[in-house]
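Quick notes on the structure that follows.
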Amino acid sequence: MVVLGSTVTMAEATVAKTDPLIDAAKKAGIAPIPAEKAALIKLIDNPKNPITDAKVELGKKLYFDPRLSKSNLISCNTCHNLATGGVDGVSTAIGHHWTANPHHLNSPTVYNAVFMSRQFWDGRSPDLEDQAQGPMQAAPEMAITKEMAVERISSMPAYVKAFKDVYGEDKITLKKIADTIGAFERTLVTPSPFDKFLQGDTNALTDGQKEGLKLFIDKGCANCHTGVGIGGGMQPFPVAKPYKYADIGDFKGDKNGMVKTPTLRNITETAPYFHNGAVWSLAKAIKIMGETQLGTELSDKEVASIKTFLTSLTGEKPKIEYPQLPAVTEKTPKPVTK
């Protein structure tokens, strides 16, 4: 089955649970990435778009293929770079014609996005497959039309064969393109030392990380940053105090003011922070969250402690070999850069 990065061994998973902090974390609703591959596949799979090796390999090629953009310059990996934490490292996503996102929205990480209950900052997509259709067609992003995307991919015999191998027919649609990309993205999970800790390995975290975890739970951070994704649900924002950088961009959440809670997995690698990428310091982001969402003034010592815990969420990335993509043909629609 698909390579998903390393998981903990059975021996590690069966270490006696002697630390009450493990139970406290689970009681708070935090859950580990499953240690066993079969359990992980069951968790990440989509019954409407089952994961297969062939589908994931095709999805990987399409994820890296810039010809799914109008200009032939932008791929999914441009904004969700798998070499840099699954993000682009800029405050606001940049797309076609060097266009900044009109709402000043920051690109969230694609790693562990499978554990999010909703996709996009306003939660408008239910899953990765549906989400993948949006950026391709969005004018400030990849800016390609549905028809051009299908025509481009259909013009390359190697892609036609690959789709036939996966779907049993050579008819290519935008939905199939997005579905294969979504299947690949479902495999981008990053098990971390924190997962080993929750599975019973009490030595997986340092004393400082454990202290930070206890504070994380006690202060109420886990009220929103929960589940396997340690985030991913929809929550009101702000709650207790106005967000001090709300004037950067015009994003207000969904119609009810709800915003997707970002995952905290690999958070040390995904700056800048917040939906509008306004904050580059993780410590500052933690302090703002205390004020804005929890209505509390975290001390510098408390901020440092929570930050120390968050380092335990940096996980092992799956090994991704950059794919060689099919060559264009005379029938392939030319790039449009104007």
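None of the figures in this text is laboratory data; all of them are computed from the coordinates on show. A quick note: this is a predicted structure, and the numbers were derived from the prediction, not measured. Positions of Cβ are generated from backbone atoms using ideal geometry, with glycine treated the same way; all protein chains shown enter the neighbour counts.
Per DSSP H run of at least 4 residues, take -39500 (n - 2.57); add these up for the chain, divide by its residues and hand me the 222 nm value, nearest 500 deg cm²/dmol.
Details: 13 runs with 116 residues, N = 338.
Helix-only estimate at 222 nm: -9500 deg cm²/dmol.
Can you pull the one-decimal nm distance between simple spin-label points at Lys284 and Lys338, each 7 Å off the Cα toward Cβ?
Result for the modelled spin labels: 4.2 nm.
For segment 43-186, state what percent of all Cα-Cα pairs lands in each successive 10 Å bin, counting from 0 Å until the bin that includes the largest distance.
Going from the shortest bin to the longest, the percentages are 12, 45, 35, 8, 0.
Got a sec to turn the phi values of segment 19-36 into Karplus ³J(HN,Hα) couplings, 6.51 cos²θ - 1.76 cosθ + 1.60 with θ = phi - 60°, whole Hz, x for Gly and Pro?
Going residue by residue, I get 9, x, 5, 4, 5, 5, 5, 5, 5, 6, x, 7, 10, x, 5, x, 6, 8 Hz, with x marking Gly and Pro.
Using the alpha-carbon centroid of each, what span in Å lies between segment 259-289 and segment 319-336?
34
Any idea what the relative contact order of the chain is, in percent, if you count C-alpha pairs under 8 Å spaced at least 6 apart?
26 percent.
Put +1 on the Cβ of each Lys and Arg and -1 on the Cβ of each Asp and Glu in segment 43-186; which of Gly168, Ala54, Gly86 then has its Cα farthest toward the positive end of the dipole?
Final value for the positive-end residue is Gly168.
Using Cα pairs under 8 angstrom and six or more residues apart, how large is the relative contact order of segment 43-186, in percent?
Relative contact order here is 31 percent.
Gap in Å between the Cα centre of segment 185-220 and the Cα centre of segment 40-109?
27
When the Debye formula is applied to the Cα atoms of the chain, each taken as the same point scatterer, what base-10 log of I(q)/I(0) results at q = 0.13, 0.15 Å⁻¹?
Calculated log10 I(q)/I(0) at the listed q: -0.99, -1.25.
Quick query: amide H of Ala100 versus all other amide H atoms, modeled in the peptide plane; which residues come in under 5 Å with a sequence gap of 5 or more or a different chain?
Under 5 Å from the amide H of Ala100 lie the amide H atoms of Gly95, each far enough along the sequence or on another chain.
Sequence-distant or interchain residues sharing an amide H contact under 5 Å with Phe237, placed H: which?
Val259
Per residue of segment 144-150, what does 6.51 cos²θ - 1.76 cosθ + 1.60 with θ = phi - 60° give for ³J(HN,Hα)? Whole Hz please, x for Gly and Pro, Karplus curve as stated.
Running phi through 6.51 cos²θ - 1.76 cosθ + 1.60 with θ = phi - 60° gives 8, 7, 4, 5, 5, 4, 5 Hz.
Could you work out the longest stretch of the chain that avoids the GluC sites (Glu not before Pro) located in DSSP loops with at most 16 other Cβ atoms within 10 Å? All intermediate terms of the calculation are to be shown ahead of the outcome.
Numbers: sites that count: Glu36, Glu169, Glu297, Glu316, Glu321, Glu330.
Counting only loop sites that pass the neighbour cut-off, the longest clear stretch is 37-168.
How large is the convex hull of the Cα atoms of segment 228-305 per residue, expressed in Å³ as a whole number?
Details: hull volume 7.3 nm³, N = 78.
Looking at segment 228-305, the number lands at 93 Å³ per residue.
5 Å is the cut-off here: which amide hydrogens, built 1.01 Å from N in the peptide plane, fall below it relative to Val279, excluding neighbours closer than 5 in sequence?
Those lying under 5 Å, H to H, from Val279 are Tyr273.
State, in angstrom, two size descriptors of segment 156-238 derived from its alpha carbons: Rg to one decimal place and Dmax to the nearest whole number.
20.7, 57
Which ³J(HN,Hα) values, rounded to whole Hz and listed in residue order, are derived for segment 108-116 from phi using the Karplus coefficients 6.51, -1.76 and 1.60 in 6.51 cos²θ - 1.76 cosθ + 1.60 with θ = phi - 60°, glycine and proline given as x?
In residue order, the calculated couplings are x, 5, 8, 5, 6, 4, 4, 8, 7 Hz.
At a Förster distance of 30 Å, what's the computed FRET efficiency of Val328 paired with Asp53, Cβ-Cβ distance as r, to 0.05?
0.70
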